[in-house]
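Reading through the structure tokens given below for one structure.
The values are calculated or read from the model by the stated rules, or taken from the named source; none is laboratory data. The structure presented is a predicted model; accordingly, all values stated were derived computationally and were not measured. With ideal geometry, Cβ positions are generated from the backbone for all residues, glycine too; neighbour counts draw on all protein chains shown.
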Amino acid sequence: MSSEYNPPSDPLDVIHADHEILIVNKPTGLLSVPGKGPHLADCLISRVQEAFPQALLIHRLDRDTSGVMVFALTPHAQRHIGLQFEKRMTKKTYVARVWGRLEPKTGTVDLPLIVDWENRPLQKVCHETGKAAQTDWKVLRSDGVESRVRMMPKTGRSHQLRVHMLSLGHPILGDPFYATGEALNFDRLMLHSEELRLRHPDGGEGVRFRAKAPF
């Protein structure tokens, strides 16, 4: 992560709120939770709690990733949805722009990941000590220079989508950690959490929340 932290001043973008859950569209460049030190205190959870003081964290997105995030408004909802994440019952869909022409049109990356200790917070593929990680992908379109891809992670490892795309030779555009050369030359990480499906903590009905990618 670069040393400069200049979080965006976008107002809170609430997609949905009810008596149990709050869904927001996180902007790129904003931490989900505070980092170490007062200069990293501004984050999505603190902004959410200004408007919804009872809000509780369930999961997080990387600083540079934008898109759909769910917060609990009751301890029951936090437990209920937290368990869904743990048991991989939630369904997440991301959109990304990646370097080059990704082929074939659909596929699955199944490569175990672990933190690269010497280069933290980077992650790396490791077949000996890595934790299982799987990502399904589908190419939406490609012009040869870049490809627009929809990704459905089956697991939720740190930097999973970024490292899995890199392993295919197609880093996500604008990725400050894994892209190099022209692929790095973008004003943001081209990765967005487009859709989240879960079971509502009040009654268990399946619900779906979406936020269109801003790129």
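Residue under question is I81, and the condition is that it be touching a strand residue (DSSP E or B) at 6+ places or on another chain (Cβ under 7 Å) and crowded, with 16+ Cβ neighbours inside 10 Å; does it hold? I'd like the intermediate steps shown before the answer.
On the way: touching a strand residue (DSSP E or B) at 6+ places or on another chain (Cβ under 7 Å): yes; crowded, with 16+ Cβ neighbours inside 10 Å: yes.
Criteria met by I81.
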Checklist outcome for this item: Within region 147-187, the residues that are farther than 22 Å from Q123 by Cβ and under 18 Å from the mean Cα position of the chain (by Cα) are R148, D187
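Quick one: in region 109-122, which of the residues that are part of a loop (DSSP other than H, G, I, E, B) and out of contact with any helix residue (DSSP H, G or I) (no Cβ under 9 Å at 6 or more places or on another chain) is nearest to M151 (Cα to Cα)?
P112
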Item to check | Breaking point among (1) part of a loop (DSSP other than H, G, I, E, B); (2) in the same structural domain as T155 (by TED's automatic domain parsing); (3) surrounded by fewer than 18 Cβ atoms within 10 Å (Cβ to Cβ), for G174 | outcome: (3)
Checklist entry - Which residue pairs have Cβ atoms under 6 Å apart, sit 6 or more places apart or on different chains, and have a first residue in region 69-97 that is more than 14 Å from L56 (Cα to Cα) and a second that is in a strand (DSSP E or B) and polar (S, T, N, Q)? => result Y94/S193
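In region 116-135, which residues are hydroxyl-bearing (S, T, Y) and under 11 Å from V163 (Cβ atoms)? Explain how you work it out, then say what you get.
Looking only at region 116-135, we keep the residues that are hydroxyl-bearing (S, T, Y), and these are 129, 135.
Scanning region 116-135 gives a single hit, T135.
Could you list, in sequence order, the residues of region 84-109 that are more than 28 Å from V207 (Cα to Cα) and surrounded by fewer than 14 Cβ atoms within 10 Å (Cβ to Cβ)?
First pass over region 84-109, keeping only residues more than 28 Å from V207 (Cα to Cα): 98-105.
Of everything in region 84-109, those that are more than 28 Å from V207 (Cα to Cα) and surrounded by fewer than 14 Cβ atoms within 10 Å (Cβ to Cβ) turn out to be R101, E103, P104, K105.
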Next on the checklist: Of the residues L30, L102, only one is part of a loop (DSSP other than H, G, I, E, B) and in contact (Cβ under 8 Å) with a residue 60 or more places away in the chain; which?
Outcome noted: L102
Checklist entry - With respect to P171, is the statement that it is in contact (Cβ under 8 Å) with a residue 40 or more places away in the chain, more than 19 Å from R60 (Cα to Cα) and of a type outside the set (D, E) true? => result yes
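Which residue, of A55, A41, is in contact (Cβ under 8 Å) with a residue 12 or more places away in the chain and over 20 Å from H159 (Cα atoms)? It would help to see each step written out before you state the result.
Values: A41 fails: in contact (Cβ under 8 Å) with a residue 12 or more places away in the chain.
Testing whether each residue is in contact (Cβ under 8 Å) with a residue 12 or more places away in the chain and over 20 Å from H159 (Cα atoms) leaves just A55.
Could you tell me how many of the residues in region 177-186 are in a loop (DSSP other than H, G, I, E, B), of a type outside the set (F, W, Y) and surrounded by fewer than 20 Cβ atoms within 10 Å (Cβ to Cβ)?
The initial filter retains those residues of region 177-186 that are in a loop (DSSP other than H, G, I, E, B), namely 177-180, 185-186.
Then drop every residue that is not of a type outside the set (F, W, Y), which leaves 179-180, 185.
Then drop every residue that is not surrounded by fewer than 20 Cβ atoms within 10 Å (Cβ to Cβ), which leaves 180, 185.
Going through region 177-186 one residue at a time, the tally reaches 2.
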Item to check | Residues that are over 17 Å from T106 (Cβ atoms), crowded, with 17+ Cβ neighbours inside 10 Å and aliphatic (A, V, I, L, M), drawn from region 142-171 | outcome: V163, L166
Checklist entry - Do you know which residues across region 123-157 are within 18 Å of V95 (Cα to Cα), assigned to a strand (DSSP E or B) and in contact with a helix residue (DSSP H, G or I) (Cβ under 9 Å, 6 or more places away or on another chain)? => result Q134, T135, W137, E146, V149, M151, P153
Item to check | Check on M190, farther than 17 Å from L122 by Cβ, touching a residue at least 40 places away in the same chain (Cβ under 8 Å) and touching a Gly at 6+ places or on another chain (Cβ under 6 Å) | outcome: yes
